[in-house]
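Working notes, beginning with the structure itself.
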Amino acid sequence: MANHRKPKLAVWKFSSCDGCQLSLLDCEDELLSVVGAVDIANFPEASRAVMKGPYDISLVEGSITTPHEAERIHQVRRQSKLLITIGACATAGGIQALKNFKDVKDFISAVYASPEYIETLAKSTPIADHVFVDYELRGCPINKYQLVEVLNAFLNGRKPNTPAYSVCMECKRRGTVCVMVAQGIACMGPVVHAGCGAICPSYHRGCYGCFGPKETPNTGSLSEWWKQLGISENDIVRGFRGFNAYADAFRKESELHEV
């Protein structure tokens with residue numbers, strides 16, 4: 001009987017907080033099925049054991065913020081049959097992309113006692129700005145069930161079934177009254193990818209946009225709604241400059257409201 005080799009899975013970290021990698025470890029019962037279906041070849045958060053490439057699937061967390069990372073991501077791409085980016089840092093540059101709107105040298109001199117030892121790029125950029133990406137999984141952090149679904153899909157040769165609709169749909173499904181309509185609270189739900197289960201609105205808080213812009217987001221309409229609620233231009237800029245500040249749709253909308 002033929003001995004079929006299990007696909008090799010590698011997990012890579014760039015500039016990030018490790019939260020999306022930990023989402024895989026947080027899968028609990030589902031993790032056992034993942035481990036049974038693949039050989040975890042490189043995953044420093046889980047094991048010191050490392051198998052040499054090439055790898056069938058690479059999960060990449062984090063943004064590119066240093067010259068070394070800009071070179072290393074090409075090495076990862078060359079070793080990977082499929083490359084999947086996970087989380088806001090890898091798909092949009094992350095919260096660290098806030099530096100992209102200013103001169104990074106000003107931050108370095110203000111934070112570090114010896115700025116001459118700091119080697120960084122002027123911008124924090126998503127992985128797709130540097131290499132071809134087969135699939136993007138958004139979130140800060142990602143939804144662990146979506147991660148399992150994506151892995152299952154690629155292992156079985158099908159398209160992942162992840163939502164393309166907005167957080168508003170999640171509010172409707174759980175019966176949460178719209179905080180923007182009922183309470184006048186600024187909420188990014190109409191333009192943000194579903195995936196969190198609408199946690200913040202369920203606690204009477206507006207969505208912060210953790211999962212990034214949904215497909216064809218009408219950011220201009222949302223900004224007009226916010227203005228009717230009395231939200232200032234500066235606060236509109238801050239609203240779009242969160243975890244996914246450098247996502248194209250959010251970046252462009254925030255720049256329109258800079259005073």
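Derivation of every value follows stated rules applied to the coordinates shown; laboratory data play no part. None of these values were measured; they are calculated from a predicted model. Virtual Cβ from ideal backbone geometry, glycine too; neighbours counted across all protein chains shown.
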- Query: Over the chain, what relative contact order in percent results from Cα pairs under 8 Å that are six or more residues apart?
  - Reply: 17
- Query: Along the charge dipole of the range 8-155, which of P126, A153, L24 sits closest to the positive end, that is, farthest toward it, with unit charges on the beta carbon of Lys, Arg, Asp and Glu (+1, +1, -1, -1)?
  - Reply: P126
- Item | Protection-proxy order for peptides 165-171, 148-154, each taking the mean of Cβ atoms within 10 Å per residue, highest first | 165-171, 148-154
- Item | Given charges at Cβ of Lys, Arg, Asp, Glu: the range 8-155 dipole, positive-most of L83, S47, G36 | L83
- Task: Take every Cα-Cα pair in the range 86-172 and report what % of them are more than 17 Å apart.
- Result: 63
- Extension gain from K52 to L31, taking 0.36 nm per residue of separation minus the Cα-Cα distance: 5.3 nm
- So for the pair V177, N234, with labels modelled 7 Å out along Cα→Cβ, what separation do we get in nm? 3.2
- Item | Distance between modelled label sites at A153 and E224, nm, 7 Å Cα→Cβ extension | 3.3
- Message: With +1 assigned to the C-beta of every Lys and Arg and -1 to the C-beta of every Asp and Glu, and no other charges, what is the dipole magnitude of the chain about the Cα centre in debye, to the nearest 20?
- Response: 520
- Message: From Cα pairs below 8 angstrom and at least 6 apart in sequence, can you work out the relative contact order of the range 167-256, rounded to a whole percent?
- Response: 25
- Task: Between the alpha-carbon centers of the range 75-106 and the range 52-74, tell me the distance in whole angstrom.
- Result: 10
- Task: Determine the shape class of the range 1-71: with a ≥ b ≥ c the square roots of the Cα gyration tensor eigenvalues, call it rounded for a/c under 1.5, and otherwise prolate if a/b is greater than b/c, oblate otherwise.
- Result: oblate
- Just check the chain against the gyration tensor rule for me: Cα atoms, a ≥ b ≥ c as the square roots of the eigenvalues, rounded for a/c under 1.5, and otherwise prolate or oblate depending on whether a/b exceeds b/c. oblate
- Message: List the trypsin sites (Lys or Arg not before Pro) within the range 119-187 that DSSP assigns to loop and that have no more than 12 neighbouring Cβ atoms inside 10 Å.
- Response: R158
- Task: Would you please name the trypsin sites (Lys or Arg not before Pro) within the range 177-246 that are DSSP coil residues with at most 16 other C-beta atoms within 10 Å of their C-beta?
- Result: R205
- Query: Given the pairs K13/K99; K102/K214; K52/K105; K159/K252; K13/K172; K81/K102, which are separated by over 32 angstrom at their Cα positions?
  - Reply: K52/K105; K13/K172; K81/K102
- Item | the range 1-109: trypsin sites (Lys or Arg not before Pro) in DSSP loop, at most 15 other beta carbons within 10 Å | R5, R48, K52, K102
- Note on the structure: Under the rule rounded for a/c under 1.5, else prolate if a/b exceeds b/c, else oblate, using alpha carbon gyration tensor axes a ≥ b ≥ c, the range 176-259 is classed as oblate
